[in-house]
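The values are calculated or read from the model by the stated rules, or taken from the named source; none is laboratory data. Please read these numbers as outputs of a predicted model, since none were measured by experiment. In this analysis, Cβ positions are derived from the backbone assuming ideal geometry, glycine residues included, and neighbour counts consider all displayed protein chains. These area figures cover heavy atoms from the full protein model, side chains too; ligands, DNA and RNA do not enter into them. Shrake-Rupley method; radii C 1.70, N 1.55, O 1.52, S 1.80 Å.
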Amino acid sequence: MTGPHRPGGGKRLVSMSTVSVGSGERASGPDDDGGAGRGARPSDDGRPADDRRAAVPRRGRGMRRPAPEWERPAAPAKPAEPESAAAPTGPAPVARPDQATGPARAAAPAPATSRTQAAATAHPTGSTEPSVDPEDAVTDTIHHAGAITGVPTTPSRIPLPAPANRTPRSAMAARARPAELRPPGGAAARAAVSAAASGATMSAASGGPRPRTTDSEPTAPAPAQPVPPSEPDDDEGGDDGDALGGLVPLSSDEPDPVSEGTRRRRRLVWPIIAGFLVLALAGGAFFAHNLWGVFFPPDFAGPGTGHVVIQVGDGDSTRDIGETLVTDGVVASARGFGNAAEDDPRGRGIQPGFYDMQRGMPAAAAVSRMLDPGTRLGRMEVRGGTQLDDTAGVGSARVPGVLSLISAATCVVEDSGARRCASVDDLRRTMATTDPARLGVPDWALPDVRQAVPERRLEGLVAPGTYDVTPGSDATTALTSVVRASASRLEDGGIVSQAASNNVSPYQALIVGSLAEREGIEQDFGKIARVVYNRLPIPMRLQLDSTINYPLDRQTLLTTPFDRAAPGPYNTYLNFGLPPTPIGAVSPPALKAALTPDPGAWVYFVKCQPDGASCFAVTPAEHDANRRLAQQRGAY
């Protein structure tokens, strides 16, 4: 029979059965029934088997078509099965109206066309089915296995080139095959397709229509072409031809396709590498900068300008001092300052306190300036016996008092070079008008301090020692910081816990200590304190020249009859008991003597040695003898 033609007398389409290129199967033409005979085998739907169309899958990179029948090698002959073979158990084949069976078909003449003659000459079977020119061959897209596997078929008309030596597909081609081209069910579904095709072949061989022949020469059915077993698929164990619907892959020597995931990964590689390079360069620059600073720390070249106050705390190391200087803009590098301090033999002698520094100084110059005592700020030193007010020294000299020391400690140098300080008048006014508790007076001294003369109420509460006052502080802040620091030192000396042992209050013990401090030298502090304690209960006037000179702001022990006759709260020649306040700063030895005086019955003493030592007596006669001895030695 003749195949269908396209409208308008165009070239007709040749149907092809499904083949598996990877397993060695070949595509059969319209005249090739797989060796079961020249007759048309009916399909499951009643149509002849030679009209079945093979599904042609698509492939992105190209396809190949099978070779025509006349170009294929002859298949070995297979004897036809006897007519008495058992009929197939499946449904009876239904012939198409345009096909003739039996005698009627034998009598039907073949179309007398040149195309038919060329086909009869080319086919040794003598079939009258016209052949198609290889250049015009196309494939249809109806897959016979679709009825069994349920794979949807999509029409496709793709010219197929003549195949060369077919090679199995590559592994990459199998992985790149679209998943939608694989029949559902995997190997099981494809096995069902193969079984159905085998059943149709057996049905046609046993009881189906006989092969067609020409009028002039009957032909024997062509022997069946043995089909080698298909190789399992890589992923599902199936066959490539089943999955691809007859598509013949390209030869394996072509470049493997690159998946989208691979291209995406390749696109991500270079940004990641670039990021690592940037991080490496940044880290290298960071470490290089730090290492450069270690070996070559920056430094200022100029002599420095302006003034800035720097504080060094207790326990600060050279590194800590350097960091403080860098923060205030004095030096350029803490490491550079540390190196300069190590190079200077006195570098470790920098003491805690405040320093007047300049901005933009070289590290070595900063070290030298901090070692200069003249650059210290806020530091004041109080010695034993120092009064609040300035006192007259030897000749015309003046001994600065506590208020003057505090005033100098508050001074700060401005950038213009001017000094700014809390004046002595401001300090005295603040002391007289401010509540003592606000100024830091301890509780054990508050009752007596409030009863004292306002201008002298803080006398004796500033113990000897060194103090650091913040430069630039006002009067209240400066006084408060000094009094609180001194109270802690006095309390550490045991003034609160040991004063009661002598039947006096802590404040009274402080007064006794100040009297011992001003009347004698350190080796006699204990005996002088004992004389005071022995006279108080008699009662007996103390008659101490130091108390006469205290309101007169004099350091000497000499008095005149006029001075001793002047009335006043501090005149112990006229008054009984202790003066209202201490008469000066009480050193730790004097405070100890007031708390633990030497045992003895002395009630008299006089300076009898040129070095200031005193002679003690119990009776007035002994005291008169000591006075004569002192005059002989020139003690007074």
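Working carefully through the options Asp426, Asp390, Asp356, find the one that is surrounded by 15 or more Cβ atoms within 10 Å (Cβ to Cβ), among the charged types (D, E, K, R) and out of contact with any strand residue (DSSP E or B) (no Cβ under 9 Å at 6 or more places or on another chain).
Asp426
If I filter the range 445-464 for residues that are touching a residue at least 60 places away in the same chain (Cβ under 8 Å), closer than 30 Å to Ile310 by Cα, in contact with a Gly (Cβ under 6 Å, 6 or more places away or on another chain) and open to solvent by 70 Å² or more (accessible area, probe 1.4 Å), do I get at least one hit?
no
Criterion first (farther than 24 Å from Pro447 by Cβ, over 60 Å from the mean Cα position of the chain (by Cα) and either buried (at least 19 other Cβ atoms within 10 Å of the Cβ) or not hydrophobic (A, V, I, L, M, F, W, C) (or both)) does Thr547 satisfy it?
On the way: farther than 24 Å from Pro447 by Cβ: no; over 60 Å from the mean Cα position of the chain (by Cα): yes; either buried (at least 19 other Cβ atoms within 10 Å of the Cβ) or not hydrophobic (A, V, I, L, M, F, W, C) (or both): yes.
Criteria not met by Thr547.
Of the conditions (1) part of a loop (DSSP other than H, G, I, E, B); (2) touching a strand residue (DSSP E or B) at 6+ places or on another chain (Cβ under 8 Å); (3) not polar (S, T, N, Q), Pro567 fails just one. Which one is it?
(2)
Of all the residues that make up the range 495-553, how many are of a type in the set (Lys, Arg) and not in a helix (DSSP H, G or I)?
Kept after step one, since they are of a type in the set (Lys, Arg), are these residues of the range 495-553: 518, 527, 530, 535, 541.
If we keep only those that are not in a helix (DSSP H, G or I) too, we end up with 541.
The number of residues fulfilling the criteria is 1.
Find all pairs meeting these conditions: Cβ atoms under 6 angstrom apart; at least six residues apart or on different chains; first residue within the range 409-435 and touching a residue at least 12 places away in the same chain (Cβ under 8 Å); second residue among the charged types (D, E, K, R) and open to solvent by 40 Å² or more (accessible area, probe 1.4 Å).
Cys411/Arg419; Val412/Arg420; Val413/Arg419; Ala422/Asp474; Ala432/Glu455
Among (1) in a helix (DSSP H, G or I); (2) of a type in the set (Val, Ile, Thr); (3) in contact (Cβ under 8 Å) with a residue 12 or more places away in the chain; (4) open to solvent by 40 Å² or more (accessible area, probe 1.4 Å), which single condition is Thr477 missing?
Failing condition for Thr477: (3).
Take the residues in the range 321-353 that are hydrophobic (A, V, I, L, M, F, W, C) and either surrounded by fewer than 19 Cβ atoms within 10 Å (Cβ to Cβ) or free of Cβ contacts under 8 Å to residues at least 12 places away in the same chain (or both); name whichever of them is farthest from Gly302 (Cα to Cα).
Filtering the range 321-353 down to residues hydrophobic (A, V, I, L, M, F, W, C) leaves 321, 325-326, 330-332, 334, 337, 340-341, 350.
Within this subset, residues satisfying the condition of being either surrounded by fewer than 19 Cβ atoms within 10 Å (Cβ to Cβ) or free of Cβ contacts under 8 Å to residues at least 12 places away in the same chain (or both) are 326, 350.
Details: Val326: 15, Ile350: 23 Å.
Per the criteria, the residue is Ile350.
Among the residues of the range 518-528, how many are over 13 Å from Pro597 (Cα atoms), out of contact with any strand residue (DSSP E or B) (no Cβ under 7 Å at 6 or more places or on another chain) and surrounded by 17 or more Cβ atoms within 10 Å (Cβ to Cβ)? Please lay out each step first, then the result.
In the first step, residues of the range 518-528 are kept if they are over 13 Å from Pro597 (Cα atoms); the result is 518-521.
Restricting the remaining residues to those that are out of contact with any strand residue (DSSP E or B) (no Cβ under 7 Å at 6 or more places or on another chain) gives 518-519, 521.
Imposing the further condition that a residue be surrounded by 17 or more Cβ atoms within 10 Å (Cβ to Cβ) reduces the set to 518-519.
Total meeting the criteria: 2.
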